[in-house]
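Below you'll find the structure, written out as structure tokens, and then a few comments.
The values are calculated or read from the model by the stated rules, or taken from the named source; none is laboratory data. Note that the structure is predicted; figures quoted are calculated from it, not measured. Note that each Cβ is placed from the backbone with ideal geometry, even for glycine, and that neighbours are counted across all protein chains shown.
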Amino acid sequence: MGNVYSKTPLDLVEKAYEKLNGNLEIIRDRLNRPLTLSEKILYGHASRPKEINLSRGDSYGDFSPDRVAMQDATAQMALLQFMLAGLDETAVPTTVHCDHLIQAYKGSKFDLNIASNDNREVFEFLQEASSKYGIGFWGPGAGIIHQVVLEQYAFPGGMMIGTDSHTPNAGGLTMVAIGVGGADAVDVMSGWPFNTKVPSLIGVHLTGSLSGWTAPKDIILKVAEILTVKGATNSIVEYFGEGAKSISTTGKATITNMGAEIGATCSIFDFDKKGVEYLISTDREDIAKLAEENMNLLVSDDEVYNDPENYFDQLIEINLDTLEPHVVGPHTPDLARPISELKKDANSNNYPMDISNALVGSCTNSSYEDIGRAANIARQAKLKGLKSKIPLMISPGSEQVRATVERDGLLKDLEDIGATVLANACGPCIGQWKRDDYKQGEENTIISSFNRNFPARNDGNAATLSFIGSPETVIAMSLTGRLDFDFTNDTITNNDGEEVMLEEPTANELPETGFVSNIDGFIAPSEVDKDKKINIDSSSERLQLLTKFKEWSGEDFNDLPIMMKAVGKCTTDHISPAGKWLKYRGHLENISDNLFIGVNNQYTDKSGYGRSVIDGKEYLLPELAKMYHQENIFWIAIGDENYGEGSSREHAAMEPRFRGCKMVLVKSFARIHEANLKKQGVLPLTFDNPEDYDLIMWDDKISTINLESIEPRKEIKLLLSHADGTSDEILANHSLSDDQIQWFKAGSALNYLSTKE
């Protein structure tokens, strides 16, 4: 079990480049035009390049990823589904990373001990399943999935899917890396293609260069402001230009990581000198050399750079010379303003000006460079007689990063101003944060360098106002503990009553003496053991074997009652919250007790409640869903715009399916959630006329009229039967391809694939 097993082998990369070259000969002949970087890598991984429909934005294609990565919260359900497939081993290299089930509380050592004890059953299951099926296993404390993948597995020109919405982090190293639900991962692990919509292309042309206080984080915060949370849905965002070349690989990864917050299928940068340096620094000089030899595959054709308007569906220009540090939030990652305007905006909106906590790290900003720039400000602070005025928490991205920044004294710099170092895990970013300072319902302000800030996301408290900035922004603002502090212009009064000012931070992108080679917690894939039994206790509260969903009857759905009608933002955090519910991610029945618990339902005064068509009374939505399930009452859910944005968690699709949901009808879907619904056999529909959303009352019954003749691009007719005896007929659209219709008919994608030879 040497280090070789923890990295992508050179022969896999060689085979990938060989396939890319072969496929692109066919694609170039078909398109007869220059290609962008995204097209080269994506179409280069087409399963059938001669047959794939290359119409961007409205066609579906089959692709063959090079590997699969899963984090512990989502890997449970994915592996339970893989067990249903009945195969002996995975068809592509696959890894499991234990990073989500570690609660942040007192510090790394204490928190890891608690997590290892509390989650022993789950961790043992994941390790046993990994061993049986030839999967690499990264145990608790080894690192956050996306940082570990970047350090160990990502390679330029590769394609990967991962059961986490922030899988696109690997795009910083020129990889098409796509966040998916567990069912998609199971398909690829089973040897089937990855089916997805052929994405549109958004180009982001970066000019100038970053300097001073401005960080890579500020680029994606600005892009989020421009595109909003749904502006890149079903698109690849491709960054290029002289400005891109000035950004470190880990800085690029920060940008591609947060592409999930704008709905992007993935985001990607050209391969360049920075990528070479990063590969060498992470002990992959052989891959760096091979990538340089195949540079034609890893950049766009020259014509694209010379005339980008002709090759992208949308083009954005950002001058890094004039870009300011930005802060986004609260409650959404696209509510942005430069630091110079934050004070005015906070005052006008009556945001609590005192910051309660500052947090740096998670998968988005936990690199050596991130912690180095944060530590630089901490050293300045110590010399100027300053300390953090508020609790300050640091989450390193991996054990390799943690050991290296500890060796180089960077952690001590941060601890000297009052920081607490947490485990190498997601922690507060995913809702795994135990707070003693504020109770539920108490309004307070936090600021982090994380990627997601939906209500109740970090601490389970919907009254917490969560803002996002770069690591340097977060550290600087911790020194005053105030939201109205503009560190680029304002002074701070130190302990001696002196007015001092922070200087622009600097740091090395990579450690001068190399990384500490540390893969503690990694267990290499073993020889497949076909006879190995994975036993799950039938009385377990954490794990539950799955049974297949029933196939569609072939008939129209009649008189479906409405479970809820979501108003405004309805993320996967609203549909199936994380936090305390993470412990049930391997038990479909138990985790279904959180279904829709965060939804703002138009028909009730309190979020998470719905009205029963049985007795007209109000119940918690998970209780109502359970009641309908027990009574064999099938139902429909109604949603607003960008329904299901956020995490890739397929539980947000599996729970409704389990409880009897037949259709979800919304104004628009987030990409991953719509795909997850399709995979689980739920019919995802969008209003043909968004104003028809207003016609639906709580006690309506909804029927399909022409579902028996469902086919691609054919509208579905719906009959709304009102309680007063009147009715309305409306049209709904679906995006199911021929293959996806077969999934629906079979009851799920897994059901369908299991019937194919």
* Which of the residues that make up the stretch 443-456 are farther than 24 Å from GLY372 by Cα and modelled with pLDDT of 95 or more? -> GLU443, ASN444, THR445
* Filtering the stretch 457-506 down to residues that are more than 27 Å from GLY431 (Cβ to Cβ) and among the charged types (D, E, K, R), which residue is modelled with the lowest pLDDT? -> ASP496
* Asked: Where residues in the stretch 512-553 are in contact with a Gly (Cβ under 8 Å, 6 or more places away or on another chain) and of a type in the set (Val, Ile, Thr), which of them is farthest from TYR584 (Cα to Cα)?
  -> VAL528
* Selection status of LYS197, surrounded by 24 or more Cβ atoms within 10 Å (Cβ to Cβ), among the charged types (D, E, K, R) and in contact (Cβ under 8 Å) with a residue 12 or more places away in the chain -> no
* To do: Check off (1) assigned to a helix (DSSP H, G or I); (2) at pLDDT 95 or above for MET70 and give me the number that stays unchecked.
  => (1)
* Asked: From the list LEU323, LEU290, which one is in contact (Cβ under 8 Å) with a residue 24 or more places away in the chain, part of a loop (DSSP other than H, G, I, E, B) and of a type in the set (A, V, I, L, M, F, W, C)?
  -> LEU323
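Does LYS252 qualify as being under 16 Å from GLY171 (Cβ atoms), among the basic types (Lys, Arg) and in contact with a helix residue (DSSP H, G or I) (Cβ under 6 Å, 6 or more places away or on another chain)? Steps first, please.
Values: under 16 Å from GLY171 (Cβ atoms): yes; among the basic types (Lys, Arg): yes; in contact with a helix residue (DSSP H, G or I) (Cβ under 6 Å, 6 or more places away or on another chain): yes.
Answer is yes for this residue.
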* Report yes if some residue within the stretch 304-311 is aromatic (Phe, Trp, Tyr), more than 19 Å from the chain's Cα centre (by Cα), within 15 Å of LEU206 (Cβ to Cβ) and not in a loop (DSSP other than H, G, I, E, B); otherwise report no. => yes
* Asked: Within the stretch 44-67, how many residues turn out to be buried (at least 24 other Cβ atoms within 10 Å of the Cβ) and farther than 21 Å from LEU298 by Cα?
  -> 1
* Asked: Just to be sure, is SER165 surrounded by fewer than 24 Cβ atoms within 10 Å (Cβ to Cβ) and either assigned to a helix (DSSP H, G or I) or touching a residue at least 12 places away in the same chain (Cβ under 8 Å) (or both)?
  -> no
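Rundown of residues vs (1) of a type in the set (S, T, N, Q); (2) in a helix (DSSP H, G or I), yes/no style:
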| site | (1), (2) |
| --- | --- |
| VAL188 | no, yes |
| ASN195 | yes, no |
| TYR239 | no, no |
| ILE247 | no, no |
| LYS252 | no, yes |
| TYR278 | no, yes |
* Only residues that are acidic (Asp, Glu) and part of a strand (DSSP E or B): list them for the stretch 726-740, please. => ASP728, GLU729
* To do: Could you tell me whether THR547 is of a type in the set (Ser, Thr, Tyr) and surrounded by fewer than 16 Cβ atoms within 10 Å (Cβ to Cβ)?
  => yes
* To do: State which residue pairs qualify: first residue touching a residue at least 40 places away in the same chain (Cβ under 8 Å) and surrounded by fewer than 24 Cβ atoms within 10 Å (Cβ to Cβ) and inside the stretch 258-279, second residue in a helix (DSSP H, G or I) and of a type in the set (S, T, N, Q) in any location, beta carbons under 6 Å apart, and separation of 6 or more residues or different chains.
  => LYS274/THR249
* Residues of the stretch 707-722 being surrounded by 13 or more Cβ atoms within 10 Å (Cβ to Cβ) and in contact (Cβ under 8 Å) with a residue 40 or more places away in the chain, which ones? -> LEU707, LEU718, SER721
* Asked: Of the residues that sit in the stretch 494-512 and are without any contact (Cβ under 8 Å) to a residue 12 or more places away in the chain and assigned to a loop (DSSP other than H, G, I, E, B), which one is farthest from the chain's Cα centre (by Cα)?
  -> GLY497
* Asked: So is ASP615 surrounded by fewer than 19 Cβ atoms within 10 Å (Cβ to Cβ), on the phi < 0 side of the Ramachandran plot, charged (D, E, K, R) and in the same structural domain as TRP698 (by TED's automatic domain parsing) or not?
  -> yes
* To do: Look through the stretch 590-611, keep the residues that are assigned to a loop (DSSP other than H, G, I, E, B) and of a type in the set (Ser, Thr, Tyr), and return whichever of them is nearest to TRP635 (Cα to Cα).
  => TYR603
* Could you tell me which residue of the stretch 735-757 is surrounded by the fewest Cβ atoms within 10 Å (Cβ to Cβ), considering only residues that are over 16 Å from GLY191 (Cα atoms), free of Cβ contacts under 8 Å to residues at least 60 places away in the same chain and not charged (D, E, K, R)? => GLN742
* To do: Being assigned to a strand (DSSP E or B) and crowded, with 24+ Cβ neighbours inside 10 Å narrows it down to one of ALA170, ALA177, ALA154, so name that one.
  => ALA177
* To do: Using the structure shown, decide if LYS15 is within 30 Å of LEU422 (Cα to Cα) and surrounded by fewer than 17 Cβ atoms within 10 Å (Cβ to Cβ).
  => no
* To do: Those residues that are among the charged types (D, E, K, R) and either crowded, with 23+ Cβ neighbours inside 10 Å or under 15 Å from ASP700 (Cβ atoms) (or both), I need them from the stretch 586-612; list them, please.
  => ARG611
* Selection from the stretch 107-139 of residues that are surrounded by 20 or more Cβ atoms within 10 Å (Cβ to Cβ) and touching a Phe, Trp or Tyr at 6+ places or on another chain (Cβ under 6 Å) -> ASP111, SER130, TRP138
* To do: Report whether or not GLU729 is touching a residue at least 40 places away in the same chain (Cβ under 8 Å), assigned by TED's automatic domain parsing to the domain that holds VAL613 and either under 26 Å from the mean Cα position of the chain (by Cα) or surrounded by fewer than 22 Cβ atoms within 10 Å (Cβ to Cβ) (or both).
  => no
* Asked: Can you spot a residue in the stretch 447-464 that is farther than 23 Å from GLN71 by Cα and outside any loop (DSSP other than H, G, I, E, B)?
  -> yes
* To do: Kindly establish whether THR174 is of a type in the set (Ser, Thr, Tyr) and over 14 Å from the mean Cα position of the chain (by Cα).
  => yes
